[in-house]
Amino acid sequence: MLDVLNPLRPNMTTYVATAYRTHTLGEIQSDGAKLVGQEVTVAGFMEANRGKGAICFVDLRDGTGKTQVFLKADNVGDESLDMVQRMTRESTLQFIGTVSQKRPPKAKEGEPVPPPAYEVVANSVTVIARAEAPLPLGVTDTVHVALDTRLDNRFLDLRRAHVAAMFRLRGKVLQYGREALINEGFFETHTPKIVATATEGGTDLFPMQYFDTPAYLNQSPQLFKQLCMSGGLERVFEVGPAFRAEKHDTYRHLNEFISFDMECSWATDGDVMGVLERMIHHMWDSVSKDEESQQHIITINQYRATQGEEPVEVIVPELPFPRVSYCDAIDIIKKKGGKIEWGDDIDAENSDLLAEDLPQFYFLPQWPMELKPFYIHHVEGEIGSTGKQLSRGFDLNFGRDELTSGGQREHRMDVLIENLKDMELDPEEFEFYIAGFRHGVPPHAGWGLGVERILMKLTGAKNVRETVLFPRDRKRICP
RNA sequence: GCCCGCUUGGUGUAGAGGUUAUCAUGCAGGAUUGUCAUUCCUGCGACCCGGGUUCAAUUCCCGGAGUGGGCGCCA
């Protein structure tokens, strides 16, 4: 019969598996006072063992925390004690024992007495899996490990506290993003990742075989979420993978990344910029208030301290974010001595100049039409200093890095077809998309946010690969 | 695709045309210890591959592979 709820803890409202452990190690620490004297079964990875004589201490770690297990030959027998003393680090062990308060460490005079801590005095031990030695990377060692070594052995890298904290935070950030959009009347949906045509042109796609038909992995949900607008769904969002076959090799690019996309009918670029900044504000605000999220930040900072790095700070951004139009950005860059002309894209060097005064979030609205994709909307008469047409397309940057690109979309079919021709794309190849406009589409706007990039900004990661479990880049497809 | 670095024990590093290749971490053994960033002692373990220069190359040169950074492009 299934234990629907753990009988030992009737106040728990979530299912607790009890086949391999009756208590988590986190519970031993948090509920230790109540558990003293009680027999428990605990399990986890052996972080370290100390003691070669008739006693031995094991630092045991599971997903919830750490607890020391105390072994005496009198309790577990000579054979078991010897086995544990010879056990390799990171082996998976299970102990049955009694919870007791640890003997307090010898506090020096004048120093505060530490709060009571709890341990498990073992009566028996079971080896679930012995870890092979040596480890390809040290889980608790403070020696620096190269990213490539870490990614080759990601399963072990994930056992490191600050790495696990990163991925738990990633889950939190996605949760907060969803909350923010759902609260504004959006609902989550999904679009296909296998497509028949080059969706936006330009970007290189990964070709694949779809039965007898050539196909591609989709670079973006863009055109499909617009079709949702044609369908009257009005407010949708999607969190899903996007694939780009570009041979880039930088700290901020991946060939598979997660795009947080939204699309909104009866809205302008300004409207969806508001949705975006409120969502990001909610993410940062929630992380700063949520106890677990704060603990993850602390864990990351503890590691950073061992590497001589500055701690990351979660600074909740003020609303509204600064808005620096493309035209103003060009002026600012020129004043700072950057080489740029109206109509140029803002390259990395010039982004650094902008970031000098804008180190955090800021919008770059109203790009020239010719720098934005064919589906971006423009209003006749909105022109730049050189008389060229502006668009309703915007970027969201954090310092030098682009996090989001978005805009109001072109809903007028005739203009859309003209735009395609202007950008030397063949309207016939976009027939599946244009068909969605034949019967009318509400004016709409939206954006796509790079999840990994925003996580870099939150956690201080210097490389986007750190924020992905198993990153896919130019050279890495395994594991 | 272009430009610039790097490649030394399991991990991360120092370093030199020649003798025993540094340090940290790790691992093994020992001493001490209800330990807790333990401490102490002893030991183990490495110069990416191919070619060239040289009496001698892990070190210099060329090529390859791998890897890191920058750029373009983008999220």
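Brief remarks on what is shown
- Restricting the search to helices (runs of 4 or more DSSP H) fully inside segment A:119-185 and requiring at least 1 residues that are at pLDDT 90 or above, away from RNA strand B (no atom under 11 Å from the Cβ) and within 21 Å of residue A:478 (Cα to Cα) gives A:154-157, A:161-183.
- Unmet criterion (only one of (1) under 30 Å from residue A:132 (Cβ atoms); (2) surrounded by fewer than 19 Cβ atoms within 10 Å (Cβ to Cβ); (3) small (Gly, Ala, Ser)) for residue A:196: (1)
- Scanning segment A:29-45 for residues that are out of contact with any Asp or Glu (no Cβ under 8 Å at 6 or more places or on another chain) and over 17 Å from residue A:127 (Cα atoms) yields A:29, A:30, A:31, A:32, A:33, A:34, A:36, A:37, A:38, A:39.
- Test: residue A:12 is in a loop (DSSP other than H, G, I, E, B), of a type in the set (A, V, I, L, M) and modelled with pLDDT of 85 or more: no
- Per the listing A:151, A:174, A:169, the residue uniquely over 15 Å from residue A:459 (Cα atoms) and touching a residue at least 40 places away in the same chain (Cβ under 8 Å) is A:151.
- Residue satisfying all of: in segment A:334-370; under 16 Å from residue A:404 (Cα atoms) and without any contact (Cβ under 8 Å) to a residue 24 or more places away in the chain; farthest from RNA strand B (Cβ to nearest atom) among these: A:346
- From the options A:295, A:302, residue that is away from RNA strand B (no atom under 15 Å from the Cβ) and either assigned to a loop (DSSP other than H, G, I, E, B) or surrounded by fewer than 19 Cβ atoms within 10 Å (Cβ to Cβ) (or both): A:295
- The set of residues from segment A:39-83 being outside any strand (DSSP E or B) and closer than 21 Å to residue A:28 by Cα comprises A:63, A:64, A:75, A:76.
The values are calculated or read from the model by the stated rules, or taken from the named source; none is laboratory data. No experiment lies behind these values; they were computed from the predicted model shown. Positions of Cβ are generated from backbone atoms using ideal geometry, with glycine treated the same way; all protein chains shown enter the neighbour counts.
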